[in-house]
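Quick notes on the structure that follows.
The values are calculated or read from the model by the stated rules, or taken from the named source; none is laboratory data. Note that the coordinates shown come from a computational prediction; the quantities given were computed from them, not determined experimentally. All Cβ positions, even for glycine, are placed from backbone atoms using ideal geometry, and neighbour counts span all protein chains on display. Note: accessible area is taken over every heavy atom of the protein model, side chains too, but ligands, DNA and RNA are not part of it. Shrake-Rupley method; radii C 1.70, N 1.55, O 1.52, S 1.80 Å.
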Amino acid sequence: FPTGPAVGEQLPEVVATSSDGKPVALPSDRQGCPAVLVFTRSAVWCPPCRTQLVELEKAMDKFADAGAKVYVLSYDEVDALADYKKAHGATFTMLSDPNREVNRSIAI
């Protein structure tokens, strides 16, 4: 099964909408910094995904120390992601991909 780019390989240019409603273009948004792109199904209805996001938030200091930007790509709508960020104090960038267009372009 295709799994997308290998570690260190350049992502194709994709655009998704952030939890604050703004378009975010990857990989250009990272501005030369290392980046981590986490794929998750839902911050709303998927219990393992929610656990994943809580654990990710706990590690954000380590990513910051490495100078890395963290992006989470979800099938959730923008409003749902905004609600999650507010309720959980998430500091990573959350991106909405409700139609899986970004997922498909990366071959995931």
* Structure fact -> The rounded separation in angstrom of the Cα centers of region 27-61 and region 63-108 is 6
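Calculated from DSSP H runs of 4 or more alone, at -39500 (n - 2.57) each and per residue, what is the 222 nm mean residue ellipticity of the chain, nearest 500?
Numbers: 4 runs with 34 residues, N = 108.
The per-residue figure over the chain is -8500 deg cm²/dmol.
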* Amide H neighbours of LEU95 under 5 Å, counting only residues 5+ apart in sequence or on other chains, H built in-plane at 1.01 Å? -> VAL72, LEU73, SER74
* To do: Calculate what fraction, in whole %, of the accessible area of region 8-108 sits on carbon and sulfur atoms when a 1.4 Å probe is rolled over the protein chains.
  => 53
* Under a point-charge model restricted to the Cβ atoms of Lys and Arg (+1) and Asp and Glu (-1), what is the dipole moment magnitude of the chain relative to its Cα centre, in debye to the nearest 20? -> 140
* Asked: Any idea of the accessible area per residue across region 13-108, 1.4 Å probe, to the nearest Å²?
  -> 55
* Structure fact -> Unpartnered Cys in the chain, judged by a 4.7 Å Cβ-Cβ cut-off, are CYS33
